[in-house]
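A.B. asks: Encoded as structure tokens, here's the structure I'll be asking about.
The values are calculated or read from the model by the stated rules, or taken from the named source; none is laboratory data. None of the values given here were measured: they were computed from a predicted structure. No Cβ is skipped: glycine too gets one built from the backbone with ideal geometry, and neighbour counts run over all protein chains shown. The protein model used for the area step is the full one, side chains on, heavy atoms only, and it has no ligands, DNA or RNA in it. Shrake-Rupley method; radii C 1.70, N 1.55, O 1.52, S 1.80 Å.
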Amino acid sequence: MKLVKEINIVLENPETKDFLADTFYPETNEKLPLVIFVHGYKGYKDWGAWNLMAEKFAEAGFFFVKFNFSHNGTTINDPENFADLEAFGNNNYSKELSDLNVVIDHFVKDIKVDDQKIVLIGHSRGGGISIIKTCEDERINGLITLASVDTLERFPTEQKFEQWKENGVYYVENGRTKQQMPHYYQFFEDFKKDEHRFDVERSMEMAKAQVLIIHGTNDESVNLKNAEHLHILNPTSELYLIENANHTFGAKEPWEDNVLPKGLNEVVEKSIEFIKQNI
């Protein structure tokens, strides 16, 4: 089977700014389910083993899309590095939901896509964004969360919050690049302005799509309790745990192997099975 890969497609969002997307799909005359991967905090579309993951979904018969949020810190000309920390600092949930809507609107019109079969796969914070979008958008038939948070209210507290408010910015060191990543206070203001919309718990309860929740039992970044909580909120969902898997299911940046790590391979196989059975 021949795979078609279209890399670094420029998408325009007048509400945010231009950003990049990739598509992977098999060469066929059949219309294919649209599967969109939503990266998380300090993530980007070319991180680690995401390309290998994309290929495996395409080989299984899906039109797979991954993209960079417009304000994730990468740029059109440098999609694999945090070259625009100012944009990173000005990111917020409103912008991410706006970007995700642009992605869906753009690719659902593709002649190769079955617009009645749309699935979101969200990793980490991207899981929270995907849950909200699934609640808001009735076009979405399936939702798969990978190591997802159960709330987007993940801000500094007490004295650190007061310092953030006073200074207008706080910094988080990127463990891999050692960059000081800024977070401007507008991030919190945007959240408070639309707090009801950004309620992941409410969105999970109201989601009408078929839902699969995947989490590693050794997740060092997002506690397993998040997955269990999401499953309680949506009892018709399926909870699938991967023993000993960490937050990225064994993947890292850079990923120099030509096969998926064991945990992420299990994620992909389970996700493919779930989509084929339910969507």
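A.B. asks: Keeping all protein chains in the complex and leaving out DNA, RNA and ligands, what accessible area do you get for Ile279 with a 1.4 Å probe, in Å² to the nearest 10?
C.D. replies: Using a 1.4 Å probe on the heavy atoms, I get roughly 40 Å².
A.B. asks: Per-residue counts of other Cβ atoms within 10 Å, averaged by peptide: what ranking do you get for 258-268, 186-196, 101-111, 153-163, highest first?
C.D. replies: Numbers: 258-268: 18.6, 186-196: 13.7, 101-111: 15.7, 153-163: 11.4.
Listed from highest to lowest mean packing, they are 258-268, 101-111, 186-196, 153-163.
A.B. asks: I'd like the per residue volume of the convex hull spanned by the Cα atoms of region 63-140, given in cubic angstrom. Let's see the in-between values first.
C.D. replies: Numbers: hull volume 7.6 nm³, N = 78.
Here the figure is 97 Å³ per residue.
A.B. asks: Quick one: dipole size for region 1-133, taken about the Cα centre, charges +1 on Lys/Arg Cβ and -1 on Asp/Glu Cβ, in debye to the nearest 20. Before the final figure, lay out each step's value.
C.D. replies: Working: 14 positive and 20 negative charges, 80 e Å.
So the magnitude is around 380 debye.
A.B. asks: Under a 1.4 angstrom probe, counting protein chains only, how are Thr236, Thr16 ranked by accessible area, largest first? Present the calculation step by step, with values, prior to reporting the outcome.
C.D. replies: On the way: Thr236 125, Thr16 30 Å².
These residues rank, largest area first, as Thr236, Thr16.
A.B. asks: Between Lys5 and Asp110, what is the label-point separation in nm under the 7 Å Cα-to-beta-carbon projection?
C.D. replies: 1.4
A.B. asks: Assigning unit charges at the beta carbon (Lys, Arg +1; Asp, Glu -1) and nothing else, what dipole magnitude in debye, to the nearest 20, does region 1-68 show about its Cα centre?
C.D. replies: Details: 8 positive and 10 negative charges, 40 e Å.
My answer is approximately 200 debye.
A.B. asks: Let me ask something else. Find how much the distance from Glu30 to Asn258 grows on full extension, using 0.36 nm per residue of separation minus their present alpha carbon separation; answer in nm with one decimal. Don't skip to the end; give the middle numbers.
C.D. replies: Numbers: separation 228, 0.36 × 228 = 82.08 nm, distance 2.85 nm.
The Glu30-Asn258 span can extend by a further 79.2 nm.
A.B. asks: Hydropathy at least -1.0 by Kyte-Doolittle, axial extent at least 18 angstrom from the Cα trace: which helices of the chain, defined as entire DSSP H runs, fit? Walk me through the numbers on the way to the answer.
C.D. replies: Numbers: long enough: 93-107 (21 Å, -0.05); 262-278 (24 Å, -0.58).
Those that clear 18 Å and a mean of -1.0 are 93-107, 262-278.
A.B. asks: Now a separate question. Kirkwood Rh over Cα pairs of the chain into Stokes-Einstein at 25 °C, 0.890 mPa s: D in µm²/s? Provide the component values of the computation, followed by the final result.
C.D. replies: Working: Rh = 18.9 Å.
The Stokes-Einstein estimate is 130 µm²/s.
A.B. asks: Okay, moving on. Along the charge dipole of the chain, which of Ile7, Ile140, Phe155 sits closest to the positive end, that is, farthest toward it, with unit charges on the beta carbon of Lys, Arg, Asp and Glu (+1, +1, -1, -1)?
C.D. replies: The one lying farthest along the dipole's positive direction is Ile140.
A.B. asks: Pairs Lys17/Lys56; Lys17/Lys45; Lys17/Lys95; Lys117/Lys208; Lys178/Lys252: which are spaced more than 20 Å apart, C-alpha to C-alpha?
C.D. replies: Working: Lys17/Lys56 30 Å; Lys17/Lys45 17 Å; Lys17/Lys95 9 Å; Lys117/Lys208 14 Å; Lys178/Lys252 16 Å.
Lys17/Lys56, as the Cα separations exceed 20 Å there.
A.B. asks: Just need the relative contact order of region 1-100 here, percent rounded to a whole number, with Cα pairs under 8 Å and 6+ apart. Spell out each step's value before the answer.
C.D. replies: Details: 184 pairs, mean separation 29.3, N = 100.
Value for region 1-100: 29 percent.
A.B. asks: OK, next. Taking a point 7 angstrom from the Cα of Ser221 along the C-beta vector, which residues in region 1-40 have backbone N less than 11 Å away?
C.D. replies: Residues passing the 11 Å test: 39-40.
A.B. asks: Quick check for me: using +1 on Lys/Arg Cβ and -1 on Asp/Glu Cβ, what's the dipole size of region 125-279 about its Cα centre, in debye to the nearest 20?
C.D. replies: Numbers: 18 positive and 27 negative charges, 42 e Å.
For region 125-279, the charge dipole is close to 200 debye.
A.B. asks: Where the centre of each part is set by its Cα atoms, how far does region 177-201 sit from region 204-279, in angstrom?
C.D. replies: Comparing the Cα centres of region 177-201 and region 204-279, I get a distance of 24 Å.
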